[in-house]
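Everything below concerns the one structure shown next.
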2 protein chains.
Amino acid sequence: MTDRDKQSSTQSGLLGRRALLRASTLGIAGGFLLPTQAAETLPLWSTHSGSAQSEYGGRSAFVSDRRQTNFGNPFGPQAGVSYTPLATLNGTITPNSLHFERHHSGIPAIDPNVHSLTIYGDVKRALRFSVDDLRAYPLESHCYFLECSGNSFLNTLASAQDLSVQAIHGLLSGAEWTGVPLRYLLDEAGVDSSARWIVAEGADASGHSRSLPIDMARDKVMVALYQNGEVLRPAQGYPMRLFVPGSEGNVSVKWLHKIKVQQTPAYSREETSKYTDLLKNGKAEMFSFAMQVKSVITSPSGTMSLKRRGVYEISGLAWSGAGSIRGVEVSADGGQSWVAATMQSSGGDRALTRFRIPWHWQGHSAVLQSRATDSAGNIQPSRTLALEKYSAAGFYHYNGIQSWAVDSQGQVKNVFV
Amino acid sequence: MTDRDKQSSTQSGLLGRRALLRASTLGIAGGFLLPTQAAETLPLWSTHSGSAQSEYGGRSAFVSDRRQTNFGNPFGPQAGVSYTPLATLNGTITPNSLHFERHHSGIPAIDPNVHSLTIYGDVKRALRFSVDDLRAYPLESHCYFLECSGNSFLNTLASAQDLSVQAIHGLLSGAEWTGVPLRYLLDEAGVDSSARWIVAEGADASGHSRSLPIDMARDKVMVALYQNGEVLRPAQGYPMRLFVPGSEGNVSVKWLHKIKVQQTPAYSREETSKYTDLLKNGKAEMFSFAMQVKSVITSPSGTMSLKRRGVYEISGLAWSGAGSIRGVEVSADGGQSWVAATMQSSGGDRALTRFRIPWHWQGHSAVLQSRATDSAGNIQPSRTLALEKYSAAGFYHYNGIQSWAVDSQGQVKNVFV
């Protein structure tokens, strides 16, 4: 072990990479058996044939992970959200049935044979595309995160809510998105040289619309048709959505129906009355698309309870709208010392990265934190630092370090340190 | 355009990478509009709020992709298979509800609170692990393909069946798998120096069991707990399965219940009467785990019909049990000329890779083929070459090049060339 590993191992319980290589000493196994105990009576399900294969599979009756929904919006249940159950998931892919939702006027039931995308405005020729048209274009597939700009806003409040990682940070999901690079469609329409913005509008009843600078629209933006291998789900924009990698979720306009090319932004309702960032000086930042470098420990996390002393895996997600994740450090002593976590499924541009590190909990109170650094060199700030820039009334784009306190009974709780 | 691109473009219709950069000239858009046509009456679903968010999402009523199931097994429906709908999926992830299945005695309904994994035999101490025990170990996440050893066997028959890519090649899926590296558990049990094999056994009624050399078991093998982010589905081994990256699917024992460490293989039913490869000289190869370098065009593919002349995207999957995919070439003239396809989600060790290339179909008959090369330098063989090694009665591990004939009416059909 390096001196640093040894120190963190003995003090905060974090086990560095060298310790990980000697996992034989972790001693997690529940019970040692005498050789004669290895033989056992057959479990019930080994005594008879099980159910047959099926056309469309489901989950075990013992599994009930679900999105937490919030029907509290005064404008009706359709203007609400649902949160991904981050604590019970692992890896970097969010199953489509559990991807977070944020709708402004519910989920439209669109007939894909009627739906189309029209590109018009300052172009040489206005074009209309059916779903079949778009499928004939060169497609691309990439793993990307999607995060609502209001994700984690509960931690901008004055006092720490005793809630789960799902309730605080669950407006975050990861998927493999497949679609047509938007630049192909813009090129075919022939954008006028004076045009500087596109305005994308959805076919939902709210007519949700957002403006994007044309250079950004030509960069990594796609018209997505598939999510995690299958065609989009209705809740994610079926049959087509804009996908703007790394940007706040509301820019990735669902049920994409129109793209108008023009010289100015639309200054639509969603980018003036909402989705702006109120600063301390009373001004508001507009078009602040990119989500910032961020990470969160998903286990152990809020409302969980450690049932025994011993080794646990600390595991979480990291992401950045500015690029890929270069590294994540974890602290088990409230930020006094940090140890580099192991990374998996990392290196993807604007993708979720899973980080992990073993931790030996000896029954003492502890504060668990994670701190991500992205490929552009941005480091996730403390809560205090993250709040400094914005007005107390602002709550978008919050990316402060999450602190989970573990008490001597093993109870895990959201705290501000 | 390079001379090669130009040649392939004018002759077989394949459009190389330079053509792809000028996608503006593809001219796929269904219709040009007069500027005044861009305005339109609101579609029905834009006139009223849609449905609210939900705890667990579903698909559009217009989407009905399903696994094709085969209940033809004389031993009952539980000893059958289901095939992934490769033609309608895109990207590299297979949604868990559509992952292929192959069961020997149906899907057991396992209570995870009772189920355990026992490691015993030639070890210093036999150990038993609950699901919770395993979750405390250092986990890893990787995208891997899984392919049944009998996948594509229909193309080893004497005549070409007029079937879909699903029916011929659908015992293939891709997922992000998360689990405990098996070496941690073996190290903790303390493997005797004389031990050379492990024998893994499932908790299903067939007691499905396979032997693995211990060096292989220590390499990339994991006890998988999660698939595409969520805990395993029952059809994929809930609550735990062995996962042996790159190997024929039946080695990745589902509902993993016991691992016995010993000096010899078990020579179990499944590795003697089945899952051996009969050679021309009458001998049979045993323990031929690795699936070979392979690719298949998923669109256009068998039983599809091209409804118009013009540009299409040829798209497919490539994979290899020997490493990652280095490249895929596509031919539209039955193998006379080849053009390098564009790759996405590539570079993953033993993962599915998506390849793509635009193709201009001018209404002539054509034969579409793909040929993969892996990181070890293995090149996917022709059908004739692939069949040479094995007895006519053998049908496992077939990896010959797939040929899809397109006739002048646009009908696509499986052919042997």
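Some observations on this one:
- Some residue of the stretch A:92-103 being more than 30 Å from B:His142 (Cβ to Cβ), under 20 Å from the mean Cα position of the chain (by Cα) and in contact (Cβ under 8 Å) with a residue 60 or more places away in the chain: yes
- Restricting attention to the stretch A:106-142, the residues that are in a strand (DSSP E or B), closer than 21 Å to A:Val261 by Cβ and not small (Gly, Ala, Ser) add up to 8.
- Filter pass, B:Ser305 being in contact with a Lys or Arg (Cβ under 9 Å, 6 or more places away or on another chain), among the small types (Gly, Ala, Ser) and not assigned by TED's automatic domain parsing to the domain that holds B:Leu117: no
- Selection from the stretch B:171-184 of residues that are at pLDDT 95 or above and not basic (Lys, Arg): B:Leu171, B:Leu172, B:Ser173, B:Gly174, B:Ala175, B:Glu176, B:Trp177, B:Thr178, B:Gly179, B:Val180, B:Pro181, B:Leu182
- Selected residue (criterion: farthest from the other protein chains (Cβ to nearest Cβ)) from residues of the stretch B:81-105 that are part of a loop (DSSP other than H, G, I, E, B) and modelled with pLDDT under 95: B:His104
- Here is the figure for the stretch B:333-391: residues that are closer than 22 Å to B:Ser152 by Cα and β-branched (Val, Ile, Thr) total 5.
- From the options B:Val253, B:Val244, residue that is touching a His at 6+ places or on another chain (Cβ under 9 Å), crowded, with 24+ Cβ neighbours inside 10 Å and away from every other protein chain (no Cβ under 13 Å): B:Val253
- Meets criteria (facing another protein chain (nearest Cβ under 7 Å), free of Cβ contacts under 8 Å to residues at least 60 places away in the same chain, touching a helix residue (DSSP H, G or I) at 6+ places or on another chain (Cβ under 7 Å) and surrounded by fewer than 21 Cβ atoms within 10 Å (Cβ to Cβ)) for B:Ser49: yes
- Check on B:Ser295, touching a residue at least 12 places away in the same chain (Cβ under 8 Å), more than 17 Å from B:Ile214 (Cα to Cα), under 25 Å from the mean Cα position of the chain (by Cα) and assigned to a strand (DSSP E or B): yes
- Hey, B:Pro300 surrounded by fewer than 19 Cβ atoms within 10 Å (Cβ to Cβ) and in contact (Cβ under 8 Å) with a residue 60 or more places away in the chain or not: no
- The conditions of being more than 13 Å from the chain's Cα centre (by Cα), part of a loop (DSSP other than H, G, I, E, B), surrounded by fewer than 20 Cβ atoms within 10 Å (Cβ to Cβ) and more than 7 Å from chain A (Cβ to nearest Cβ) are not met by B:Ser60.
- Look at (1) under 23 Å from B:Arg59 (Cα atoms); (2) at pLDDT below 95 and you find that A:Val223 fails only one, number (2).
- The strands (runs of 3 or more DSSP E) falling completely within the stretch A:318-410 that include 1 or more residues that are under 16 Å from the mean Cα position of the chain (by Cα) and modelled with pLDDT of 95 or more map to A:325-331, A:353-361, A:366-374.
- Considering the conditions (1) in contact with a strand residue (DSSP E or B) (Cβ under 6 Å, 6 or more places away or on another chain); (2) under 15 Å from B:Lys254 (Cβ atoms), B:Pro108 is excluded by exactly one of them, (1).
- Candidate set: the stretch A:116-129, residues that are surrounded by 19 or more Cβ atoms within 10 Å (Cβ to Cβ) and not aliphatic (A, V, I, L, M); chosen: the one farthest from the other protein chains (Cβ to nearest Cβ): A:Asp122
The values are calculated or read from the model by the stated rules, or taken from the named source; none is laboratory data. All of these numbers come straight from a predicted model, not from anything done at the bench. Using ideal geometry, Cβ is built from the backbone for each residue, glycine included, and neighbour counts are taken over all protein chains shown.
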